[in-house]
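Following: one structure in structure tokens, then a few remarks.
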Amino acid sequence: MKYGEKEIAQFDIHKEENFWPNEHSKNYIIDIELPEFVSLCPRSGYPDFAKIKLQYIPNEKVIELKALKLYINTFINRHISHENAANEIYDILVEKLTPRWIKVVADFNPRGNVHTVITIDSNDQK
């Protein structure tokens, strides 16, 4: 196993070291784009590719960017639907960051003439 594969296989998003204190009390938006998301279709096993867009207004914590990259890369060998992948990413980030506001957009590449975009916005959850 190469060092990157080992790092991904052993990564645990739940560790506190992946989240840093937010040193600012004002509202500001963090925009992150992860253009190389890969998971596996739970039915066919074919790869699904997506661009994940994340926006959030931090509360007391921010996510360390390498941790986010490693977490997103943990999906590479997982059989998971588009909807479940987007919802898991959203749920983990809400649980660990408790942001003032968060929006996750999972824009999957077309496959078989179908283009799927999953959007989850914390403003719509109340």
Practice prompt. Could you pull out which residues in region 47-64 have an amide N less than 12 Å from a spot 7 Å beyond the Cα of Asp121, following the Cα-Cβ vector?
Written response: none
Worksheet item: Within straight cross-link reach of Lys51, meaning Cα distance under 28 Å, which lysines are found once same-chain residues fewer than 8 apart are removed?
Response: Lys2, Lys6, Lys15, Lys61, Lys66, Lys69, Lys96, Lys103, Lys126
Discussion item. Please list, by residue number, every one of the chymotrypsin sites (Phe, Trp or Tyr not before Pro) in region 1-72 that is coil in DSSP and has at most 11 other beta-carbon atoms within 10 Å.
Written reply: Tyr28
Worksheet, complete the sentence: Relative contact order as a percentage, the chain, C-alpha pairs under 8 Å and 6+ apart, gives 27
Discussion item. How would the chain be classified by its alpha-carbon gyration tensor: rounded, prolate or oblate, with rounded meaning a/c under 1.5 and the a/b versus b/c comparison settling the rest?
Written reply: oblate
Worksheet item: With each label point set 7 Å from Cα along the Cα-Cβ vector, what nm distance links Lys61 and Glu36?
Response: 2.6
Practice prompt. Filter the GluC sites (Glu not before Pro) in region 1-79 to those in DSSP coil with at most 14 other Cβ atoms within 10 Å of their Cβ, and list the result.
Written response: Glu23, Glu60, Glu64
Practice prompt. Report, for region 3-124, the % of DSSP beta bridges that are antiparallel, rounded to 5.
Written response: 95
Worksheet item: For the chain, what does -39500 (n - 2.57) per DSSP helix run (n ≥ 4), summed and divided by total residues, give at 222 nm, in deg cm²/dmol to the nearest 500?
Response: -8000 deg cm²/dmol
Item to complete: Among Ile118, Ser25, Trp101, pick out the residue whose Cα is farthest towards the positive end of the charge dipole of region 3-124, where Lys and Arg carry +1 and Asp and Glu carry -1 on C-beta, about the Cα centre.
Response: Ile118
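Taken together, the values in this text are just the output of simple stated rules run on the coordinates, not laboratory data. Quick caveat, the model's predicted, so the values are computed rather than measured. Because the Cβ atoms are built from the backbone with ideal geometry, glycine has one as well, and the counts that use them run over all protein chains shown.
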